Amino acid sequence: MLSAVNDALLLFPDFSLILLGYLVCRFTALDRSVWTAVERLVYYLLFPVLLFHSIIKQPLDLSAASELVVAGWALCLGGIGMAYALPYLPWIGARVDRREHAASAQVAFRFNTFIALALADRVLGAQGTVLIAVLIGVCVPLLNLGAVWPMARHAQRGLFGELVRNPLIIGTVAGLSANLMGFSMPALLEPTANRIGAAALGMGLMATGAGLQPGRLRGDKVLTVALLSIRHFWLPVLAWLLARVLGLDAAQTTTLLIFSGLPTASSCYVLAVRMGYDGAYTAALVTMSTLLGMLSLPFVLGILRTL
């Protein structure tokens, strides 16, 4: 009981910012038009800087974290595989709209990096920040490839062009390259980068709340249940199994479990719209995933972590 209360308290600051963003957007003059601009600022500038700075902050010893990297890749490939398989399953496939699936499959395997960084730091401190940065660095390119590919194929758009223009991939690849080449942030720029990172987390969480659209789920209930089950149940179970099979230590196991139980990325909606799809259904899935994250994160931290 005490552990559950502690887990809820760990999650409270992040989800309170999401709730604040929702309330501000719905009940003040700072309406959707304001938050659309905020989302673009966070997605195209603040968040790539945060990723870059998080990755280069401390030298990455990829060999020491090799088991965690393998686990992260296996978890991502498992999520992508489960999401892609849905239209081909005997009972589910006939009930899934292929275009809607192309835009929303990403919800099953992408993750909210704002919450990831904030929660890893709160649970494990500086070590957690480094470990989650490793996972972000090695997994974001793979997950973005998985998200863009079905939409680009269905909309007949160039996959390579969409990937090289993605700001999250640019920030991640730049950070990994700089870290492996031994680059460190000049001391003069450290305070600026720290402030940008804090702004990215705070504004990103509030923008997540502002983008919530309760009541927009429509029609494809089978696809909804399937995608959210992958995101909030099957991926945590897979993460637990991978941690046992690969022999991850306590900190790496906790990091992988946090990674597996996160709500989906709020930018799923942004990406779907930018690729020419109707984002209403994807936005509703993001809403449901954010709410379910309040259950899946205590599940991974309070139950799976102790098994």
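The values are calculated or read from the model by the stated rules, or taken from the named source; none is laboratory data. As the structure is a prediction and not an experimental result, all values here were calculated from the model. Quick reminder, even Gly has a Cβ in these numbers, built from the backbone with ideal geometry, and neighbours come from all protein chains shown. Only protein heavy atoms, including side chains, enter the accessible area calculation; ligands, DNA and RNA are left aside. Shrake-Rupley method; radii C 1.70, N 1.55, O 1.52, S 1.80 Å.
In whole Hz and in residue order, list the ³J(HN,Hα) couplings for the range 225-234 that follow from phi through the Karplus curve 6.51 cos²θ - 1.76 cosθ + 1.60, θ = phi - 60°; x for Gly and Pro.
5, 5, 5, 6, 5, 4, 5, 10, 10, 5
Expressed as a whole number of Å, what is the distance separating the alpha-carbon centroids of the range 12-37 and the range 178-211?
Between the Cα centre of the range 178-211 and that of the range 12-37, the gap is 21 Å.
Which value, in debye to the nearest 20, gives the size of the charge dipole of the range 205-307 about its Cα centre, when Lys and Arg are +1 and Asp and Glu are -1 at the Cβ? List each step's numbers first, then the result.
Working: 7 positive and 3 negative charges, 23 e Å.
Computed charge dipole of the range 205-307: roughly 120 debye.
Mind checking the dipole of the chain: about its Cα centre, +1 per Lys or Arg Cβ, -1 per Asp or Glu Cβ, Debye to the nearest 20?
On the way: 20 positive and 14 negative charges, 142 e Å.
For this selection, approximately 680 debye.
Can you put MET275, MET206, MET82, MET294 in order of accessible area, largest first, using a 1.4 Å probe? Provide the component values of the computation, followed by the final result.
Values: MET275 5, MET206 40, MET82 60, MET294 85 Å².
Largest accessible area first, the residues go MET294, MET82, MET206, MET275.
Dipole of the range 199-307 (Lys/Arg Cβ +1, Asp/Glu Cβ -1, origin at the Cα centre): which of LEU304, THR254, HIS232 lies farthest to the positive side?
HIS232
Could you please put LEU135, LEU41 in sequence from largest to smallest accessible area, using a 1.4 Å probe?
On the way: LEU135 0, LEU41 70 Å².
Putting LEU135, LEU41 in descending order of accessible area: LEU41, LEU135.
Of VAL69, TYR84, LEU124, whose Cα points farthest to the positive end of the dipole of the range 38-197 (charges on the beta-carbon: +1 Lys, Arg; -1 Asp, Glu; origin at the Cα centre)?
Looking along the dipole axis, the top candidate is TYR84.
Output ³J(HN,Hα) for the range 197-208: one whole-Hz value per residue in order, computed from phi by the Karplus curve 6.51 cos²θ - 1.76 cosθ + 1.60 with θ = phi - 60°, and x for Gly and Pro.
Per-residue couplings from phi come out as x, 4, 5, 4, 5, x, 5, x, 5, 5, 5, 4 Hz.
Return the label of the correct value of P(r) over Cα pairs in 20 Å bins from 0, in percent, as calculated from the structure shown, out of [x] 35, 61, 5; [y] 31, 56, 12, 1; [z] 29, 43, 23, 5, 0.
Read-out from the structure maps to [x].
Which order do the peptides 20-26, 186-192 come out in when sorted by mean C-beta neighbours inside 10 angstrom, highest first? Please report the intermediate quantities before stating the final value.
Numbers: 20-26: 17.7, 186-192: 9.9.
So the peptides 20-26, 186-192, ranked by packing, come out 20-26, 186-192.
Could you grab the relative contact order for the chain? Cα pairs under 8 Å, six or more apart, rounded to a whole percent. Provide the component values of the computation, followed by the final result.
On the way: 433 pairs, mean separation 98.5, N = 307.
Once normalised by length, the contact order is 32 percent.
Restricting to Cα pairs below 8 Å that are 6+ residues apart, what does the relative contact order work out to for the range 10-124? Please round to a whole percent.
Details: 32 pairs, mean separation 36.2, N = 115.
Averaging sequence separation for qualifying contacts and normalising by length gives 31 percent for the range 10-124.
HN-Hα J couplings of the range 125-131 from phi, Karplus 6.51/-1.76/1.60, θ = phi - 60°, integer Hz, Gly and Pro as x?
Result, rounded to whole Hz: x, 4, 4, x, 4, 5, 5.
To the nearest Å, what is the center-to-center distance of the range 57-135 and the range 231-263, using C-alpha atoms only?
Between the Cα centres of the range 57-135 and the range 231-263 lies a distance of 10 Å.
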